[in-house]
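In what follows, a single structure is set out as structure tokens and then discussed.
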Amino acid sequence: MKLLNSKLLNIKPLNTQLLLIGLSLSTSSFALKALDDASLSGVQGQAGLTIEQSQLLNIGSLTYTDDGNDLSIEGLRFSSQTNVDEVASRTYIMDVSEDGTLRVQSDIKPTQMHIDGIRINNSAASFGDFTLNYEAVTNFNIKGMAGGGLEGSFTVGISNADMIWKTNGHSMSFDNIGYNASVDNFTFEYDAIDNSKGFIRTGLDIGMDNFDFSFSTGALSLAGVSLGELAGDLALSANAQIFAGGRYGDEGLTFHSQVSILSDTDNYVRFTDYDSVGEGNDLFMGDFSGSVNLTNLTLDVESDHLAIGFDQMDGSFKAGTILIGDSSKPIGSIELEFLLSDYIDAGNSANNRYNRFQLYPGIRQPDFAAMPDQIKSYAESFYFDQTPTSEGLSLATQWNLTNAELSYIDDGRLVVFSGIQSFGSANTTIDVRDKKIAIGISDLKGSYSIDGLRVGNKTAPLQGGAELLLSLEVYQAMDFDIDGFTEITAGGASGGGIRIDGDYFFSNSNIGLSIDENGEGIWATGVNYDIHLRDITFDVEGDGLKINRGEQWSTMDITNLRWGNKETGTSLGRVKLERFEKNSLLAIMPGGAGQVCVGGSLNAAGDGCSGVGRFEDRGEQGMTVSLKAAFANAGTTTDGTAIARNRLTWENNRTENSPGEYINDTGTQIIFDNYSTNDGTGTTDSNDYGLQANLNIDVFETKVLKKSTGTDANGVAGNLGDELIYDSSARDSYVYIASPDAAQKTLRPLGFAVQGNVSFKELNIDAVQLKHPNVATPQTVFYGVVMQNLDLTTNLTATPIQ
Amino acid sequence: MKKIIMNVFALIYFPCVIALEPLAEDELKNILGQGGVYLTGDITINETGGPLNNAADASNPAVWQKNCTTASTDKRCGARIAVNAGDGVNSGWLVLDNIRGRFSFEGMTLKTRTINSGFDDDGNGTSDGAAFNGDVLEIGLPNTIKYTNVSYTLANSSTARPTDVGFNQTDIFNVKIDGDISLQGNLLLFPTGNP
């Protein structure tokens, strides 16, 4: 949503610019009507000037040239919305007030702005065509400043607007856009100084005080089906400096900006997903504040692309209220601090990392011959209908996230995902096809890592626990090389929402399953991960976010499961996990565990333990992650492209090809073959229940007992069984207490409290087998394992060891 | 299976590793907190039965539909594992039936660490730890685990499921455990041999 906000912000100045172009260029394109005497006498009696304009504007090509490279906007047209050959009308009222302020009011009747295509140096392909239907009312007040420059205020109201992007005859649109904005005071001054290019240059300094805007739109719509509705309200103060000259050559543009999101409880962004009967459910983030600073954002037109880049972007963001579906259950609040910055290694330029984007017109297809066999045929099929002249957008991206700290606050208790870092590069294509958006990503190479968690406050010691993200299939660290091809259609399981089909392949990747900030722990290395998703739907429902996974099959082949370092750690051998699921489900819901009795059972009233146990009220906030994995019996996939099954293979004692390099399928294997779930009477039964796992996640105080008498590593003395209690809410010193009172119990260490439940009706394993390398067929150890009727509940809290 | 592994990791496995590099004094305090994770809580199996016991779910076979409370003794209220260790269709099944109970503990620790010193059990100055010089997953056992209403039945069965045609089961013995057991020391897990 934040990205979309940025897009809207970016669109507005462009829109204004185009309107100004329309004003300035249109004077020779249409005739002013001569006023009769009666009309003239009326004008003389007024304080200002009224201009009524009827406009039909056609510009064959509008070109911006940067260091000899042309960015051409072809077929630019302003016309009526109903007939492109008819005029659109607008009215301007201008007057000057006593303090010298020029006031300009405009009333723009329904107008269509259309662009046939945008090309770079007459490229064979274009970015596609764009249409903007809109009507607007604006009010600008401008006057001179004492020291030079301009200042003023403005309000803009845009209504009944649609924005349409079309490639190769297929379109996507944002419908019913409404946009209202006001700025209490803006300034334009030509006094900004910059020396980032090694010489002094002067530029335009723009300031905006209390820039308040609201918007609403039907979110992305494909073939008349909308993903939902997007709305928001935001108040900003911003400064920007603009200079001539970009990053490359002599010409281009450079920007610096400083944006402050004003702390305002009315700030919000909301996505609404409407179900089949028109009832809406919201994803809501409100009570925003924060800031974003951008240094050296540059725009250059190069020989075949538009180059955008920045040296540094840093900022912070806080959302005080987050709702998923149920408006009565906030899941807590989040805070994000981030720094994206270029990194230059003076000793080895190969290690340099940048934040750059190159936008190419048309679809640049990847090199199929260089692709791994596992994904090549899917890639060729994905681009089968694309030609060198196909319209669309191609992106070459580099990024370097130097550091980010993501905090989650649950009932006032804080946990920080600390030390998030990432860098990499990717090639991406985006185009619109029949009722779908096609996104192809190739050579997505890079790395990310999360140092660990900090619990209680932002300077608390690092601890483990980021492994909790594994339940969402988010790993703690990864070095990746990914090719992936995705098609998105509008409409989830019911009504709006998103539907995804995709094929992805991870080549020779390293995955940190449980590691510390030094990269030590348990690693899956040399991983080839082949994933195929069909009919995956995302919907916001009354009780949370639901992701239905219609069909999914994959093979994760881990060359080495290592203890210690990802390169030199001792290997447990090869692990190969094949997976085949139909109608699995992932749901993220508001609310944690609530009232819990650890070590006993809750009483009927739910306000204490029934007998033994320790009662904990973990509050209203928190989060519940609910998984249903419906493991399917072995068989052919619905599209007929593969035979899939669930199978786990562990292999070791492999032949060593070279030191540290082992040849797969040359060792001894133990195989858990064709495991699947069903509803209780065998593999011919239905599979509606699957294997269900629910995690209720809270941040809560934990009872930590001393494990031996004496002093601990921090020199604090205590007896076996004493409780660790902090001295104050600062949680920077502690003592051991045999029997803490109620007040002291509130100063117990904070931890990640997880109430987990795993259940299934039946989990069936067809065979457990052993395979010696000298035999072709595995030998069966167990001719079947049938596990039934399990309901396993855990109440665990994890805290760092002191 | 991946989901199972992930969830088991997520629920019970939070190791960290002590840094190997020399540390400045002001860094030492932070590193002490990264030595691993302290786990406290409980694990409960079929406290009020399992999903097949839900009588409101019409898809559940009648033989499984039971009213399972914490006090109920019906063997269908527990979890069940049947293993065919014979030659397939012609052999019977070894069954662990009616698995229920709660295990409570405070003070289980989990961490990965490098062992490159110590373990001079003979007292002769020879460090087995230095010779080992590798990474381990260390499970620090809680001093006490409390068993509450823990039970299971070992049996032989003619078929895998109580719903299968010709089902006939012979119970060998029943076990029920209440009380505390002592588990002290550390459990070290590490890869060995040729991968």
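Looking at A:SER626, is it surrounded by fewer than 22 Cβ atoms within 10 Å (Cβ to Cβ), farther than 23 Å from A:VAL781 by Cα and without any contact (Cβ under 8 Å) to a residue 60 or more places away in the chain?
no
Determine which single condition B:ASP26 fails, assuming it passes every other condition in (1) outside any loop (DSSP other than H, G, I, E, B); (2) at pLDDT 80 or above.
Unmet for B:ASP26, out of (1) outside any loop (DSSP other than H, G, I, E, B); (2) at pLDDT 80 or above: (2).
Return the total of residues in the range A:162-199 being in contact (Cβ under 8 Å) with a residue 40 or more places away in the chain, closer than 22 Å to A:ASP212 by Cβ and of a type in the set (Gly, Ala, Ser).
1
Scan the range B:95-116 and report the pairs whose first residue is at positive phi and whose second residue is in a loop (DSSP other than H, G, I, E, B) and among the acidic types (Asp, Glu), with Cβ atoms within less than 9 Å and a gap of 6+ or a chain change.
B:ASN98/B:ASP74
Yes or no, residue by residue, for (1) aromatic (Phe, Trp, Tyr); (2) farther than 28 Å from A:GLY245 by Cβ; (3) modelled with pLDDT of 95 or more:
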{"site": "A:GLN312", "(1), (2), (3)": "no, no, yes"}
{"site": "A:SER316", "(1), (2), (3)": "no, yes, yes"}
{"site": "A:GLY320", "(1), (2), (3)": "no, yes, no"}
{"site": "A:GLY332", "(1), (2), (3)": "no, yes, no"}
{"site": "A:GLU337", "(1), (2), (3)": "no, yes, yes"}
{"site": "A:SER341", "(1), (2), (3)": "no, no, yes"}
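Evaluate the following for A:PHE423: is it in the same structural domain as A:ASP479 (by TED's automatic domain parsing), under 28 Å from A:LYS318 (Cα atoms) and either out of contact with any Lys or Arg (no Cβ under 6 Å at 6 or more places or on another chain) or among the β-branched types (Val, Ile, Thr) (or both)?
no
So in the range A:586-611, with the set limited to residues that are in contact (Cβ under 8 Å) with a residue 60 or more places away in the chain, within 18 Å of B:ASP42 (Cβ to Cβ) and away from chain B (no Cβ under 14 Å), which one is surrounded by the most Cβ atoms within 10 Å (Cβ to Cβ)?
Here the answer is A:GLY592.
Would you check which residues across the range B:142-183 are among the basic types (Lys, Arg) and within 12 Å of another protein chain (Cβ to nearest Cβ) and list them?
B:LYS146, B:ARG161
Of all residues in the range A:631-655, how many are within 27 Å of B:THR192 (Cα to Cα) and more than 8 Å from chain B (Cβ to nearest Cβ)?
Matching residues across the range A:631-655 total 5.
If only one of A:ASN757, A:ASN774 is part of a loop (DSSP other than H, G, I, E, B) and surrounded by fewer than 20 Cβ atoms within 10 Å (Cβ to Cβ), which one is it?
A:ASN774
Please verify whether B:GLY92 is surrounded by fewer than 19 Cβ atoms within 10 Å (Cβ to Cβ), over 28 Å from B:VAL37 (Cβ atoms) and at pLDDT below 85, treating the condition exactly as stated.
So B:GLY92 fails the test.
Are any residues in the range A:251-276 in contact with a strand residue (DSSP E or B) (Cβ under 9 Å, 6 or more places away or on another chain), in a loop (DSSP other than H, G, I, E, B) and either touching a residue at least 40 places away in the same chain (Cβ under 8 Å) or of a type in the set (A, V, I, L, M) (or both), and if so, which ones?
Those that are in contact with a strand residue (DSSP E or B) (Cβ under 9 Å, 6 or more places away or on another chain), in a loop (DSSP other than H, G, I, E, B) and either touching a residue at least 40 places away in the same chain (Cβ under 8 Å) or of a type in the set (A, V, I, L, M) (or both): A:GLU251, A:GLY252, A:LEU262, A:THR265, A:ASP275.
Applying the selection to the range A:489-521, what residues are charged (D, E, K, R), at pLDDT below 90 and surrounded by 22 or more Cβ atoms within 10 Å (Cβ to Cβ)?
Of everything in the range A:489-521, those that are charged (D, E, K, R), at pLDDT below 90 and surrounded by 22 or more Cβ atoms within 10 Å (Cβ to Cβ) turn out to be A:ASP516, A:GLU520.
Check whether at least one residue in the range A:543-558 is of a type outside the set (Asp, Glu), more than 14 Å from chain B (Cβ to nearest Cβ) and within 20 Å of B:THR48 (Cβ to Cβ), and report yes or no.
Checking the range A:543-558: not a single residue is of a type outside the set (Asp, Glu), more than 14 Å from chain B (Cβ to nearest Cβ) and within 20 Å of B:THR48 (Cβ to Cβ).
For the subset of the range B:117-141 comprising residues that are surrounded by 13 or more Cβ atoms within 10 Å (Cβ to Cβ) and without any contact (Cβ under 8 Å) to a residue 12 or more places away in the chain, which member is farthest from the other protein chains (Cβ to nearest Cβ)?
By that ranking, first place goes to B:ASP120.
Report whether or not A:ALA742 is free of Cβ contacts under 8 Å to residues at least 12 places away in the same chain, loosely packed, with under 15 Cβ neighbours inside 10 Å and away from every other protein chain (no Cβ under 11 Å).
Yes; evaluated as a whole, the condition is true for this residue.
State the number of residues belonging to the range A:315-346 that are of a type in the set (D, E, K, R) and either free of Cβ contacts under 8 Å to residues at least 24 places away in the same chain or not in a strand (DSSP E or B) (or both).
4
Looking only at residues that are of a type in the set (Ser, Thr, Tyr) and closer than 25 Å to B:LEU94 by Cα in the range B:150-195, which one is surrounded by the fewest Cβ atoms within 10 Å (Cβ to Cβ)?
B:THR170
The values are calculated or read from the model by the stated rules, or taken from the named source; none is laboratory data. Here the structure is a predicted model, which is why all the values come from computation and not from measurement. Neighbour counts run over all protein chains shown; Cβ positions are idealised from the backbone, glycine included.
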